[in-house]
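Okay, so here's the structure we're looking at.
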Amino acid sequence: MTTQSEAVPTTVSAAPTEQPLLEVTNLRKYFPVKSSGLVRRTIAQVQAVDGVSFQVPAGTSLGLVGESGCGKSTTGRLITRLLDPTSGSMKFEGHEIGNLSPKQMLPYRKEIQMIFQDPYSSLNPRHTVGTIVGTPLRVHKVVPEKQVLNRVRELLEVVGLNPEHYNRYPSEFSGGQRQRIGIARALALQPKLLVADEPVSALDVSIQAQVVNLLTDLQKEFGVAFLFIAHDLAVVRHFCPEVAVMYLGKIVEIADRETLYNRPHHPYTQALLSAVPDVKQAAVGGRRERIRLEGDVPSPVNPPSGCRFRTRCWMAKDICAKQEPPLLQIGPKHKVACHFAGEYGAMPTSPITLNVLGVDQEGTPVAGATPSAEDLNEPGFADTWTDVETLKGNSAPMATSLPSDSRPASEVGSEDRGTRS
Amino acid sequence: MTTADLEQLEHELPPGEPVDKKIAGKSPTRIAFERLRKDKVAVISSAVVLLLILMGLFAPLICSLWGIYPDNSDPASPRPSEVLSFDTFPAIGPPYYPFTWEHPLGLAPRTGYDNLARLLYGIRTSLSVAAAATILSTVIGVSIGLVAGFARGWLDRLISFVIDLFLSFPFLLGALALAPIIISRFSTNLEALSKAQVIALVSVLVVFGWMALARLIRGQVLSLREREFVQAAQVMGVPTRRILFKELLPNLVAPIVVATSLTLPAYVAAEAGLSYLGIGLTGVPSLGQTINDAVNSYAEYPLYLWAPVVTVMVLVLALNLLGDSIRDAFDPKTRR
């Protein structure tokens, strides 16, 4: 047993008692697939979101990235209760909002607002800008009717539009301006959490920067927390101090910005990041090594057993098909769901999750071994974590049978936990 | 425009004054009306429709000014014996005597009623019955369509089934069966009978006329409800009724206006047809009833038939052309 006190960053001093603004635990959304015919039986389930846990602290941003169809938009829609979750809990400021009726949800609507992806369909073409931005004010009666117009003008000014344009129609604005109108509408109720569902992906690149900067300014000014859903890694890197990567309805890696972008430990994150064009590389010349994933994303109706990424993973072994890798914390602010998590090119040859799952190399449960009692679906980060580097050394004797790696055993431990002291 | 021109323009503008003050936003409805005003067919047909509406609206006034009467209930109206000759055809005016300004369209054989007066009152009846039926069926169709489109699951399926049921029921058979049933309940009271006839006619038209619009609106709502502005309203906590009538309904103006403008002439024609078949109105003058009477004496007295036939045709044609123009104006994408 080792205590890795020297690996602990000294800067971390955040009080763990501080309540997160939003806490999502084990959130699931299955869409039923109905058979045709008179009696419409449910024949399958699309597992759009399957056990997602994360936290959004007040006043900061969590980025949610992943390719199309991985369930990131569904997650956003679940949090705004456009969809009802199949199971799991969503706590907003400690209050459960996952099972509220529309009427009970009403007070929380003020606190959680949403920015939509397509500025061309998110504004009612038959209403003037004043009506669109004023609707939330009127519905929640936050200001008296006479002052709605003044408030609308203020809001338009906040998002950088001419306040005198309140009687124009959305068709008279450009895409970027429309998105600003959508942001003004979302801000009207002064929410604490904004779910931004790909807010810039429908915009021109030059406009994207403007809108992202506007969102940054608004966050500084009003202290709004963001759940920033995007597939553009560069935008997320710019905007979010914490990023979660989703694949096929599950979070595969969640970490702070520096760790995720510089030292990704999940093969899928590595593949995603290697697809991002690098300007520096172009200046140096030569070709960067890129990870090319084979095949397509499997169907969420019938996802692969064990690890969902194994069908496209270049490191997949037997255990990946048998055991689903838990989202294991491997650093102070770093969780990853992979049996062989490690930096690219330095992946461990032996699973790091054996102790937690209580299984052997092949993925079959070891008699007598007890899986770690700790709930691995806990959102947020714990004070203790499993240290990958130690595990690599420790699990080596088990791996001696493998011809590739025969590092001598330094220490054989059943428990390898880093501890924050 | 050259740069110099632009500079000159800039100089002409008073400094500090916002340039875009004059640019006022136009609602899509206003744009459609402006488009409609430029359409010659629309202008002409709406003028014709307006003229016919005014004729119907001021029928009593025109008749009293002209000194003509649609029937002989008025003591001042000419007795049949005064204006009819022995063979029951009129003694003045067409078909056997020259044109007279006293009765421009002649007199009806047998009864001696003035044809112009009957025509004006007939237009009045036709238009009011058609308008009432159109308004009712539009309100019913739009509400049911909105609810069906927005409600998912069993309610939508139930409403769709009811729509299909009504669509599959034959209109003429239903009308033939339904009208006598309604009328027979009031047959004891003559005063109530004429009212019952109007109610029966309107309800027959409405019962068999709301489904097309309901289906149209349901389809439109199905596609609109997936648009993000509806979801934005839901996220804001806008109540469902407000979403239906404030967010969705304004986007359905075009299909509703188009459907209504094409339903109105259909109802005018249907009213005339039902009256011709004798299941429409009997107590009040109506175009279909006049046509029915005139068929018997067509060989001797063609004008008696042609006047109401041409009037119905002009009314229906003008309304249809106007409806087409309205569709083009509200939805320019479908323009041929």
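Restricting the search to region B:142-169, which residues are closer than 23 Å to B:K246 by Cα, among the small types (G, A, S) and at pLDDT 90 or above?
Residues satisfying the conditions are B:S143, B:G145, B:A148, B:G149.
Kindly list the number of the only condition in (1) buried (at least 23 other Cβ atoms within 10 Å of the Cβ); (2) assigned to a loop (DSSP other than H, G, I, E, B); (3) touching a Pro at 6+ places or on another chain (Cβ under 9 Å); (4) small (G, A, S) that fails for B:S297.
(1)
Take the residues of region A:135-160 that are within 31 Å of the chain's Cα centre (by Cα) and more than 9 Å from every other protein chain (Cβ to nearest Cβ): which is nearest to B:S27 (Cα to Cα)?
Looking at the filtered set, the residue picked out is A:L156.
Which of (1) at pLDDT 85 or above; (2) surrounded by fewer than 19 Cβ atoms within 10 Å (Cβ to Cβ) is the odd one out, the single condition B:T282 does not satisfy?
The single condition B:T282 does not satisfy is (1).
Spot the failing condition for B:I135; the list is (1) free of Cβ contacts under 8 Å to residues at least 24 places away in the same chain; (2) over 30 Å from B:V230 (Cα atoms); (3) among the β-branched types (V, I, T), and only one is missed.
Here B:I135 meets the rest and fails (2).
Could you check, for region A:237-244, whether at least one of its residues is modelled with pLDDT under 90 and among the acidic types (D, E)?
Taking every residue of region A:237-244 in turn, none turns out to be modelled with pLDDT under 90 and among the acidic types (D, E).
Determine whether A:Q179 is away from every other protein chain (no Cβ under 14 Å), part of a helix (DSSP H, G or I) and under 26 Å from A:P57 (Cα atoms).
Numbers: away from every other protein chain (no Cβ under 14 Å): no; part of a helix (DSSP H, G or I): yes; under 26 Å from A:P57 (Cα atoms): yes.
No: the conditions fail for A:Q179.
What number of residues within region A:57-77 are among the basic types (K, R) and more than 12 Å from chain B (Cβ to nearest Cβ)?
Result for region A:57-77: 1.
Helices (runs of 4 or more DSSP H) wholly in region B:104-217 with at least 2 residues that are touching a Gly at 6+ places or on another chain (Cβ under 8 Å) and among the hydrophobic types (A, V, I, L, M, F, W, C) - which ones?
Values: elements: B:115-150, B:154-168, B:171-185, B:190-207.
Of the helices (runs of 4 or more DSSP H) lying wholly inside region B:104-217, those with at least 2 residues that are touching a Gly at 6+ places or on another chain (Cβ under 8 Å) and among the hydrophobic types (A, V, I, L, M, F, W, C) span B:115-150, B:190-207.
Sort out which residues of region B:186-218 are among the polar types (S, T, N, Q), out of contact with any Leu (no Cβ under 6 Å at 6 or more places or on another chain) and either touching a residue at least 12 places away in the same chain (Cβ under 8 Å) or buried (at least 20 other Cβ atoms within 10 Å of the Cβ) (or both), and write them in order of number.
B:S194, B:S203 - these are the residues of region B:186-218 that are among the polar types (S, T, N, Q), out of contact with any Leu (no Cβ under 6 Å at 6 or more places or on another chain) and either touching a residue at least 12 places away in the same chain (Cβ under 8 Å) or buried (at least 20 other Cβ atoms within 10 Å of the Cβ) (or both).
Within region B:234-269, track down each residue that is in contact with a Ser or Thr (Cβ under 7 Å, 6 or more places away or on another chain), within 25 Å of A:V133 (Cα to Cα) and surrounded by 18 or more Cβ atoms within 10 Å (Cβ to Cβ). Quick ask: steps written out before the conclusion?
Residues of region B:234-269 that are in contact with a Ser or Thr (Cβ under 7 Å, 6 or more places away or on another chain), as a first pass: B:235-236, B:238, B:253, B:256, B:260, B:263-264, B:267-268.
Keeping just the survivors that are within 25 Å of A:V133 (Cα to Cα) gives B:235-236, B:238, B:253.
Scanning region B:234-269 gives B:V235, B:M236, B:V238.
Go through the residues of region A:49-71 one by one and say whether even a single one is out of contact with any strand residue (DSSP E or B) (no Cβ under 8 Å at 6 or more places or on another chain) and over 26 Å from A:V252 (Cβ atoms).
no
Taking B:L277 as the residue in question, decide whether it is surrounded by fewer than 23 Cβ atoms within 10 Å (Cβ to Cβ), away from chain A (no Cβ under 14 Å) and touching a Leu at 6+ places or on another chain (Cβ under 8 Å).
Yes, satisfied.
Answer yes or no: is there a residue in region B:103-123 that is without any contact (Cβ under 8 Å) to a residue 24 or more places away in the chain and either over 30 Å from B:V202 (Cα atoms) or surrounded by 13 or more Cβ atoms within 10 Å (Cβ to Cβ) (or both).
Yes, some residue in region B:103-123 is without any contact (Cβ under 8 Å) to a residue 24 or more places away in the chain and either over 30 Å from B:V202 (Cα atoms) or surrounded by 13 or more Cβ atoms within 10 Å (Cβ to Cβ) (or both).
Let's see how each residue does on (1) farther than 23 Å from A:P170 by Cβ; (2) more than 8 Å from every other protein chain (Cβ to nearest Cβ); (3) of a type in the set (D, E, K, R):
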{"site": "B:R225", "(1), (2), (3)": "no, yes, yes"}
{"site": "B:A233", "(1), (2), (3)": "no, no, no"}
{"site": "B:V238", "(1), (2), (3)": "no, no, no"}
{"site": "B:E247", "(1), (2), (3)": "no, no, yes"}
{"site": "B:P250", "(1), (2), (3)": "no, no, no"}
{"site": "B:A254", "(1), (2), (3)": "no, yes, no"}
{"site": "B:A259", "(1), (2), (3)": "yes, yes, no"}
{"site": "B:L262", "(1), (2), (3)": "yes, yes, no"}
{"site": "B:V268", "(1), (2), (3)": "yes, yes, no"}
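I'd like to verify a number: residues in region A:240-266 that are surrounded by fewer than 24 Cβ atoms within 10 Å (Cβ to Cβ) and within 22 Å of A:T216 (Cβ to Cβ), how many?
So the answer is 9.
Look at B:D71 and say whether it is away from chain A (no Cβ under 14 Å), surrounded by 15 or more Cβ atoms within 10 Å (Cβ to Cβ) and at pLDDT below 85.
It is true that B:D71 is away from chain A (no Cβ under 14 Å), surrounded by 15 or more Cβ atoms within 10 Å (Cβ to Cβ) and at pLDDT below 85.
Any chance you could count how many residues in region A:61-77 are crowded, with 19+ Cβ neighbours inside 10 Å, small (G, A, S) and farther than 19 Å from A:R185 by Cα?
Step one: list which residues in region A:61-77 are crowded, with 19+ Cβ neighbours inside 10 Å, which gives A:61-66, A:70-77.
Retained after the next criterion (residues that are small (G, A, S)): A:61, A:63, A:66, A:71, A:73, A:76.
Imposing the further condition that a residue be farther than 19 Å from A:R185 by Cα reduces the set to A:61, A:63, A:66, A:71, A:73.
Of the residues in that region, 5 qualify.
Looking only at region A:78-110, which residues are buried (at least 17 other Cβ atoms within 10 Å of the Cβ), more than 9 Å from every other protein chain (Cβ to nearest Cβ) and of a type outside the set (A, V, I, L, M, F, W, C)?
Those that are buried (at least 17 other Cβ atoms within 10 Å of the Cβ), more than 9 Å from every other protein chain (Cβ to nearest Cβ) and of a type outside the set (A, V, I, L, M, F, W, C): A:P85, A:T86, A:G88, A:K91, A:G98.
Can you name the condition, by its number, that A:A58 falls short on among (1) within 19 Å of the chain's Cα centre (by Cα); (2) buried (at least 20 other Cβ atoms within 10 Å of the Cβ); (3) in contact (Cβ under 8 Å) with a residue 60 or more places away in the chain; (4) not in a helix (DSSP H, G or I)?
In the conditions (1) within 19 Å of the chain's Cα centre (by Cα); (2) buried (at least 20 other Cβ atoms within 10 Å of the Cβ); (3) in contact (Cβ under 8 Å) with a residue 60 or more places away in the chain; (4) not in a helix (DSSP H, G or I), A:A58 misses (2) alone.
Go over the candidates A:D375, A:D387, A:D416 one by one and state the one that is modelled with pLDDT under 60 and crowded, with 18+ Cβ neighbours inside 10 Å.
On the way: A:D375 fails: crowded, with 18+ Cβ neighbours inside 10 Å; A:D387 fails: modelled with pLDDT under 60.
The unique qualifying residue is A:D416.
Among all residue pairs at least 6 apart or on different chains, which show Cβ distances below 6 Å where the first residue, located in region B:160-173, is touching a residue at least 24 places away in the same chain (Cβ under 8 Å) and the second is surrounded by 12 or more Cβ atoms within 10 Å (Cβ to Cβ) and part of a helix (DSSP H, G or I)?
What qualifies is B:I163/B:M211; B:I163/B:A214; B:I163/B:R215; B:F166/B:M211; B:L167/B:M211.
Scan region A:121-130 for residues that are within 9 Å of chain B (Cβ to nearest Cβ) and crowded, with 17+ Cβ neighbours inside 10 Å and jot them down.
Applying the first criterion (within 9 Å of chain B (Cβ to nearest Cβ)) to region A:121-130 yields A:121-129.
Those that are within 9 Å of chain B (Cβ to nearest Cβ) and crowded, with 17+ Cβ neighbours inside 10 Å: A:S121, A:S122, A:L123, A:N124, A:R126, A:H127, A:T128, A:V129.
The values are calculated or read from the model by the stated rules, or taken from the named source; none is laboratory data. Just so it is clear, the structure is predicted and the values come from calculations on it, not from any experiment. Every residue, glycine among them, receives a Cβ derived from its backbone with ideal geometry; neighbour counts consider all protein chains shown.
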